[in-house]
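In what follows, a structure is listed as structure tokens, so that the remarks can point back to it.
The values are calculated or read from the model by the stated rules, or taken from the named source; none is laboratory data. Small disclaimer: the values here were computed from a predicted structure and weren't measured. Cβ placement follows ideal geometry from the backbone for every residue including glycine, while neighbour counts extend to all protein chains displayed. Just so you know, the surface numbers come from the protein's heavy atoms only, side chains and all, with ligands and any DNA or RNA stripped out. Shrake-Rupley method; radii C 1.70, N 1.55, O 1.52, S 1.80 Å.
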Amino acid sequence: MRANWWKVLAIILLGYTIIAGLLFEAPRLPILNETIRALHFHVTMWFGMIIMLVVAVIYSVKYLRSGNLQDDDIAIEFTNAAILFGVLGIITGMLWAKFTWGDYWSGDPKQNAAAIGLLIYFAYLILRNSLVDVHQRARIGAVYNIFAFAAFIPLIFVLPRLTDSLHPGNGGNPGFNAYDLDSNLRMVFYPAIIAWTLLGIWLANLRIRAKRLERILEDKLINQ
């Protein structure tokens, strides 16, 4: 039980995020009104996604240095979890945009950059699956993963700031940290980041364990 404390914490924080995010009092900002509750899902999921991508890059570098397939397992599964949260983040962002901008997809530079970033990582998955040799797949995948992250960060956080954008924090628009947000919003926002991150770690760990068990079974069949 002691080893699983973080899983219990993840469940508690996820329950708290969903209930508090939907029911707690929210600040009445112009235009946003009740839609600001999407902040607890859209933005926090992307925070979790970035954290998992950082972990994936670290283990891609470790694989290139060690050649240990266990490092590659961690890199690919944390990337998979990050992609899942990236897709959910785009979907929740589209719903938010419908109510605040009037359309699900308005071609905003931030939206386009996010979509391009996800396509880069979809290409990463396709590239890996096209390679048969395990070590070649891991080596090429690790190199691609490092360069994908190096392209993703400026694509998401730098380029949208250099052009006109409706998205908060881009194109001259103030970010949410510039508003007078009340304590109720902060009480949900920060636990939500932890909750989604822990959920991503949990999902990645489950897939890592499954992959390693599969490799053990394959080795036993080969040695029989």
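In table form, for the structure just shown:
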read-out	value
Among Ile36, Val8, Phe149 the positive-end extreme of the charge dipole of the chain (Cβ point charges)	Val8
Inter-label distance for Trp5 and Leu206, nm, one decimal - labels placed 7 Å from Cα along Cα-to-Cβ	2.3 nm
Table column - 3J(HN,Hα) (Hz), the stretch 87-104, Karplus curve with 6.51, -1.76, 1.60, x for Gly and Pro	5, 4, x, 5, 5, 5, x, 5, 5, 5, 5, 4, 7, 9, 9, x, 8, 5
Rounded to the nearest 10 Å², the accessible area of Asp103 at probe 1.4 Å	70 Å²
Where the chain is the region considered: accessible area per residue in Å², 1.4 Å probe	55 Å²
Cα-centre dipole for the chain with unit charges at Cβ (Lys and Arg positive, Asp and Glu negative), debye to 20	560 debye
Efficiency of FRET between Tyr16 and Gln70 - r from beta-carbon atoms, R0 41 angstrom, step 0.05	0.75
Spin-label pair Leu159/Leu23, simplified geometry with 7 Å Cα→Cβ offset, distance in nm	4.2 nm
